[in-house]
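As structure tokens, the structure follows; a few thoughts come after it.
The values are calculated or read from the model by the stated rules, or taken from the named source; none is laboratory data. All values derive from a computational prediction rather than experimental measurement. Neighbour counts are summed over all protein chains in view; Cβ atoms, including those assigned to glycine, are modelled from backbone coordinates with ideal geometry. Surface accessibility is based on the protein's heavy atoms, side chains included, excluding ligands, DNA and RNA. Shrake-Rupley method; radii C 1.70, N 1.55, O 1.52, S 1.80 Å.
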Amino acid sequence: MRTAAHRANARKLILMAALVLLAAAAYLLVEVNPKYFSYAMSLRIPKLIVMLIAAFSIGGASIVFQSIINNTIVTPCLLGMNSLYTLIHTAVVFVAGSGSILAANANVSFAVDLVIMGVAATLIYGYLFQKTNHNVLYVLLIGTVLTSFFGSIQSTLTRVMDPNEYDTLLTTLVASFSNVNSEIILFSLAVLAVLIFALRRDLALLDVLTLGKAQATNLGVDYDRSIRRLLLGVTLAIAVATAMVGPISFMGLIIANLSRQLLKTYRHSQLILGSVFFGMIILVAGQLIVEHVYSYAIPISVFITVGGGIYFLYLLLTKRRV
Amino acid sequence: MKVTELTKQYDGKTVVDSVSFEIPKGKVLSLIGPNGAGKSTVMGIISRLIARDAGLVDFEGQDISRWKSKELSKRLAILTQSNQIQMKLTVRELVAFGRFPYSGGRITAEDEAIIDQAITYMELDEMQDRFIDELSGGQRQRAMIAMVIAQDTEFVLLDEPTNNLDIYHATNMMKIVRRLCDELGKTVILVLHEINYAAFYSDYICAFADGKIAKFGTVKEVMTRQTLSQIYKVDFEIMEIEGKPLSIYY
Ligand SMILES: Nc1ncnc2c1ncn2[C@@H]1O[C@H](COP(=O)(O)OP(=O)(O)OP(=O)(O)O)[C@@H](O)[C@H]1O
Ligand SMILES: [Mg+2]
């Protein structure tokens, strides 16, 4: 059905796409010294691409995660994958040393992240989802427990680690947009492309899946299978974003809800686009401000955390009536 | 459809206890019985929503679990007892999901006509563009039923369809059930707590108590003082109106 609301949303999305382009152009061109144009571009273009990829992964993963959990105030960072990421990197440096190929080669280290996070999420959440009948509370509870579990192992490791090794480790753990991991751009794009291709059927089912297990089954959809596959996809997309820019998936909460509020629709094709565009605008415009107004004094993650926190409270308070 | 020796346990407690019955094709069958008797569980099992522990559910010559879910969704539709949908969805969009088994996400002109008809059946024309989370409980229930009707299947299973509906809409609902059966030849299985609706509008009644079938038969066979008082443990009187048995309980 091509309803009026659907067309109105399409217009909103086109406008947002234009804003994304505008922000990207501004990011590339503001205060660029014409004498060193190509040098400036060689620094700025990879950063821009990394931000766009991160916004894409987080924006898409957040909407999908919220829809399969059937709750709009959760973000995939509740799965505990961020602390698993931190643990993996610490463990690699601890066991193999920061000079080893596992830690020094960005692509190898990225592959390790993807495999471990993917396997862990499938085992833990795939199993848990079936055992608990897709009970969101258990998923969130286990996520919280895992977060502190991974966190305490990680801090134990850092305590017995060689201080010099710890120094090198820190730079990969607190990645920010001023310190992006642009070596893995191609690898990430490939992962995302494979992910979208492999999950295209499940993604198309998202609208039906959000009707709940009984209704989806009634309409002939294999609910459990699709949920399992999508959950794995969410984890891998988050792994991509985390590996590129560090743990900022809290942003997913903001952009997913902004998109839901703006578009007021159930169509995931539109919701995901909206969330992705919001993410791109926030990241690129935010980084522009961080670099040129605050001259890097405050990293963008601070803004996202503060802004996200306030927005989260607002959501909690306004959702009470439901 | 034929059900044999169906059994289901929850945490060691048997909630459906070797239930066997045959669903007469092209008729209206009502399931009645006290809360917790196992009606919804039986409905869930015969529509593949709930896994059984033992027994057979034969649907058109093949066990229900061997059917492709997608194929089944064109032959059998179910409205479950509780439905929580959290999406921003209008009534019309919800009803359109009933066409999903046929058209996927792409609604054809033919689908639109069927959706229109289902909406008109449930008298939802005026509110078809409203969001379902902004409707009253009864209005939402009617929208859910319209979705099941739009699914246009030979077998229609409705778990407490009159739940939340006022007398006018509940009666209208029951008339629609009759039309689905008489005019369109569908087989309708409902769970009802209003015994008189079951008596007036169905062909057969299956009475459940404690996970077992207490009585299965035509309306006249089941609607007796003795059977009903035994099942519900309440005093009953049976009267006859328009040749149909109706009950008074107190
Ligand atoms: N998911 C479940 N887990 C544990 N027990 C369950 C579950 N679902 C149902 N039961 C139990 O099974 C029994 C039968 O439940 P069922 O929903 O089939 O009853 P019902 O006849 O539909 O009742 P009502 O008229 O209240 O809808 C009840 O005792 C109920 O407590
Ligand atoms: Mg019930």
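Selection within the stretch B:125-150: residues that are assigned to a loop (DSSP other than H, G, I, E, B) and within 13 Å of chain A (Cβ to nearest Cβ). The member of this set that is surrounded by the most Cβ atoms within 10 Å (Cβ to Cβ) is B:Gln128. When B:Met122 is tested against (1) out of contact with any strand residue (DSSP E or B) (no Cβ under 9 Å at 6 or more places or on another chain); (2) more than 20 Å from A:Tyr266 (Cα to Cα); (3) surrounded by fewer than 21 Cβ atoms within 10 Å (Cβ to Cβ), just one condition goes unmet, and that condition is (3). For the stretch B:73-89, filtering for residues that are crowded, with 22+ Cβ neighbours inside 10 Å and either more than 8 Å from chain A (Cβ to nearest Cβ) or touching a Gly at 6+ places or on another chain (Cβ under 7 Å) (or both) leaves 3. Annotation note: Cβ proximity below 7 Å between a residue of the stretch B:74-95 that is outside the structural domain of B:Ile45 (by TED's automatic domain parsing) and a residue that is in a loop (DSSP other than H, G, I, E, B) and of a type in the set (Phe, Trp, Tyr) (sequence gap 6+ or interchain) occurs for B:Met87/A:Tyr266; B:Lys88/A:Tyr266; B:Leu89/A:Tyr266; B:Glu93/A:Tyr266. Take the conditions (1) modelled with pLDDT of 90 or more; (2) open to solvent by 90 Å² or more (accessible area, probe 1.4 Å); (3) among the aromatic types (Phe, Trp, Tyr); A:Tyr36 misses just one of them, which is (1). Restricting the search to helices (runs of 4 or more DSSP H) fully inside the stretch A:177-271 and requiring at least 3 residues that are buried (at least 20 other Cβ atoms within 10 Å of the Cβ), in contact with a Gly (Cβ under 9 Å, 6 or more places away or on another chain) and within 14 Å of chain B (Cβ to nearest Cβ) gives A:251-263. Taken over the stretch A:84-135, the criterion of being modelled with pLDDT of 85 or more, among the polar types (S, T, N, Q) and open to solvent by 10 Å² or more (accessible area, probe 1.4 Å) is satisfied by A:Thr86 alone. Only one of the numbered conditions (1) within 14 Å of chain A (Cβ to nearest Cβ); (2) assigned to a helix (DSSP H, G or I); (3) away from ligand 2 (no atom under 16 Å from the Cβ) is not met by B:Thr153, and that is (2).
Only a single item in (1) within 15 Å of A:Ser83 (Cα to Cα); (2) modelled with pLDDT of 85 or more is not met by A:Leu170, and it is number (2).
Take the conditions (1) of a type in the set (Gly, Ala, Ser); (2) open to solvent by less than 60 Å² (accessible area, probe 1.4 Å); (3) under 26 Å from B:Phe208 (Cβ atoms); B:Ser103 misses just one of them, which is (3).
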